[in-house]
Every structure is written in C-alpha cells, then in structure tokens.
Amino acid sequence: MQESKPFTQIPEELITRYFTLSEKAKEIEKELKEMKKVLNVYFDETVGKHEKGESVVGDYKIQRQIRLSDSYHDEKMVKRLEELNLNDCIQVIKQPDQQKIEAAITLGLLGQADIDDCILKKTTNAITVRKL
C-alpha cells in the first residue's frame, strides 16, 4: 500500500483496484453467507437446533457456538412492573419529540434560532465507485 501524499488527481489504477476489490468482497460475503447456511444445517441435523457442536474435517476443526442474549419486551415489562407496584424499576427518559418541535416551528411557537445550539450535526463519508 502506498503512503498517503497530497495529490491533485486520483490515479485510475487506484479506482480500478478499489472497484475490483469491492466487487470481490461482495461475492465473497455472498458465498460465505451460503456456506454458513450449509454448516448450520449440518449442525442442526447432527447435534440439534440451537445446540453447540464441533467436527473435524481433514485438517480443519469446525465449531458452532450458540450465543443467547436476553432483552425485555419494554411495554410488557413496564406494565408488569406497574402491576407489581415496582415503579422504581422503571426509567422515565426525557427526550425531544421531533415531530412536535417541527410543528412548533411551523406554527411560530418556536424559532429556529432558539434551538440552533441544541442541534447535533453528524457527517459521514461514503465512497461509491461504479463502472461507466
């Protein structure tokens, strides 16, 4: 890889290589996704669904790990906690209502200048290369 240095024109070779690698990456990701499906079917049939397993094939050892994560169904959990009178276990989160703020600006109740310093702007760079 070349060291970054200031330049006024991007070499076509760099763009060509970027495009080629990007296309290969998409193909590889697609192929890996299909292979993962096959491996999961194999483990489903040999050790059972949602079961960890391992197998040795030639010089390779393949393993399937099972990761389980729990989360709460927010509305249901809040309702249950309220029924059990455990309101201390419920967070009240204050956050701006974007639709109401926009409506207040439209109606003239709130000026854009009043909230300019409260707006966070996020910038993201994205590079796309398409073959012409």
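The values are calculated or read from the model by the stated rules, or taken from the named source; none is laboratory data. Every value quoted in this text rests on a predicted model; they were computed, and no experiment measured them. Heads up, the Cβs are rebuilt from the backbone with ideal geometry, glycines too, and the neighbour counts pull from every protein chain shown.
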(message) Let me spell it out: the conditions are (1) under 29 Å from the mean Cα position of the chain (by Cα); (2) in a strand (DSSP E or B), and Ser55 meets all of them except one. Which number is the exception?
(response) (1)
(message) Of the conditions (1) free of Cβ contacts under 8 Å to residues at least 60 places away in the same chain; (2) of a type in the set (Val, Ile, Thr); (3) out of contact with any Asp or Glu (no Cβ under 9 Å at 6 or more places or on another chain), Ile62 satisfies every one except a single condition; which number is it?
(response) (3)
(request) For region 66-78, name all the residues that are surrounded by fewer than 12 Cβ atoms within 10 Å (Cβ to Cβ) and in a helix (DSSP H, G or I). (result) Asp74, Glu75, Lys76
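Okay, residues lined up against (1) modelled with pLDDT of 95 or more; (2) touching a Ser or Thr at 6+ places or on another chain (Cβ under 8 Å); (3) of a type outside the set (Lys, Arg):
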position: Lys30; (1), (2), (3): yes, no, no
position: Glu34; (1), (2), (3): yes, no, yes
position: Glu51; (1), (2), (3): no, no, yes
position: Glu54; (1), (2), (3): no, no, yes
position: Gly58; (1), (2), (3): no, no, yes
position: Ile62; (1), (2), (3): no, yes, yes
position: Leu68; (1), (2), (3): no, no, yes
position: Tyr72; (1), (2), (3): no, no, yes
(message) Quick check on my filter: what residues within region 99-132 are exposed (fewer than 10 other Cβ atoms within 10 Å of the Cβ), among the β-branched types (Val, Ile, Thr) and not in a helix (DSSP H, G or I)?
(response) Ile119, Thr123, Thr124, Ile127, Thr128
